[in-house]
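Okay, structure first, notes after.
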Amino acid sequence: MRYLFLFVALTVANAAVASEGMVILQKRCVSCHEISGPAAQSVQELWQRKGPDLFYAGSKYNAEWLKKWLVKPRRIRPAGHHPIQHIQPGKKRDMVDTTTLRPHPALSPSDAEEVTEALMKLKASAEMMGTAVFKGGSISASFGEMVFDKFNGCMACHEIEPGYGGLSGPEVYTAAKRYQADYLVSFITDPQAWNPKTPMPNKHVSAANIQKIVQYLQALAKENWDEKK
Ligand code: HEC
Ligand code: HEC
């Protein structure tokens, strides 16, 4: 009887602390991803992280995208998580040495579902989110590109379609599919609030232009480049 009680108590406790998704994360993901935080506090610590932080995943990702990507991951950062290790200077533009980039591990659809559920429960702090939110609206792709490229120089590090744009940051033509609009506004407003050592600069873009940039990222996402490749 005593043992039965212990068994029941342990099972209940386990259900509370470790969902199936959390067990998979612990087993297969934490060697490369931080799931409990905080962000890297030094450049050295940042270099030791083999993948992007996931400890605020629930405030960042669109669950639908996450579930699909985990089953069929495709590259997001053209030159990997630490581009310096994979970029070679080329004649016309820098080249990515893709032979040194490894494919991302894939999950079965049911594991992806469990992991997505567990990740969506990991929320960012109020300090990270800040107060700026996406207010909606839309913009033409051509005007959006002017704000993104000409006014703010964002294209130096980001591709706005496959093979067009900088290589050191993540592609942005899928950013609005991957990420919640409020996260995008918040991250562009203050990247260092999310990751104090991130190489993404705070360009001090005006609040109004950040809204336009996120509208532009949504317009880019509608091109579905990731489904054409
Ligand atoms: C060997 C290291 C490694 C392992 C293990 C690993 N990842 Fe990753 N992960 C990466 C790298 C590197 C990237 C960046 C890929 C890119 O940008 O193309 C990444 C990207 C991601 C992204 C997209 C992040 C973003 O914001 O762009 C998610 C989500 C993710 N991983 C989840 C997982 C989950 C869940 C697991 C466990 C099932 C896992 N990863 C296992 C290295 C790893
Ligand atoms: C010097 C290179 C550089 C410039 C210039 C730059 N970024 Fe970034 N950006 C990065 C890097 C590197 C990351 C990845 C940050 C990380 O993982 O911490 C990033 C991340 C992002 C993200 C998160 C999206 C994602 O796909 O992970 C967005 C959105 C973004 N940048 C938008 C912008 C905008 C808008 C501008 C112009 C105002 C800009 N960036 C200028 C390097 C740059």
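A few points about this structure:
- Proximity of backbone amide H atoms, modeled 1.01 Å from N, is registered between CYS157 and GLY166 at under 5 Å, excluding neighbours fewer than 5 places apart on the same chain.
- A simple rule links phi to the HN-Hα coupling: the Karplus curve 6.51 cos²θ - 1.76 cosθ + 1.60 with θ = phi - 60°, which for the range 96-111 gives 9, 7, 5, 5, 8, 9, 9, x, 6, x, 10, 10, 6, x, 6, 5 Hz, with x for Gly and Pro.
- For the range 77-87, the Karplus equation 6.51 cos²θ - 1.76 cosθ + 1.60, evaluated at θ = phi - 60°, returns couplings of 9, x, 10, x, 6, 10, x, 4, 6, 10, 9 Hz by residue, with Gly and Pro reported as x.
- Per-residue Karplus couplings for the range 26-32, computed as 6.51 cos²θ - 1.76 cosθ + 1.60 with θ equal to phi - 60°, are listed in order as 4, 7, 10, 10, 6, 5, 10 Hz, Gly and Pro entered as x.
- Three-way shape call for the range 105-229 based on the alpha-carbon gyration tensor, with the a/c threshold at 1.5: oblate
- The ellipsoid that matches the Cα gyration tensor of the chain has semi-axes, each √(5λ) in whole angstrom, of 34, 21, 17, with the longest given first.
- Between the amide H of MET95 and those of GLN88, GLY90, distances stay under 5 Å, these residues lying 5 or more places away or on another chain, with hydrogens modeled in the peptide plane.
- Over 20 Å between alpha carbons, listed pairs LYS60/LYS121; LYS92/LYS197; LYS67/LYS123; LYS68/LYS135: LYS92/LYS197; LYS68/LYS135
- On Cα atoms only, tilt of 2-17 relative to the major axis of the chain in degrees: 10
- Candidates PRO38, PRO201, PRO89: whichever shows maximal mean-square fluctuation once the chain is modelled as a Gaussian network with Cα springs under 10 Å: PRO89
- Electrostatic dipole magnitude of the range 2-228 [Cβ: Lys, Arg +1; Asp, Glu -1; Cα centre; debye, to 20]: 240
- Cα→Cβ-extended label distance, 7 Å offset, between SER31 and LYS197, nm: 2.2
- Straight-line reach from LYS72: taking Cα to Cα under 12 Å and skipping same-chain neighbours fewer than 8 places apart, the aspartates and glutamates in range are ASP226, GLU227.
- Think of each Lys and Arg Cβ as +1 and each Asp and Glu Cβ as -1; about the Cα centre, that makes the dipole of the range 42-123 roughly 420 debye.
- Residue among GLY51, MET22, TRP65 farthest towards the positive dipole end of the range 2-228, charges placed on Cβ: GLY51
- Computed over the chain: relative contact order in percent, which uses C-alpha pairs under 8 Å that are six or more apart: 22
- Helix-derived mean residue ellipticity, 222 nm - over the chain, DSSP H n ≥ 4, -39500 (n - 2.57), to 500: -11000 deg cm²/dmol
None of the figures in this text is laboratory data; all of them are computed from the coordinates on show. In this text the structure is predicted, and so the values were computed from the model without any measurement. Please note: Cβ atoms are built from the backbone with ideal geometry, for glycine as well, and neighbour counts cover all protein chains shown.
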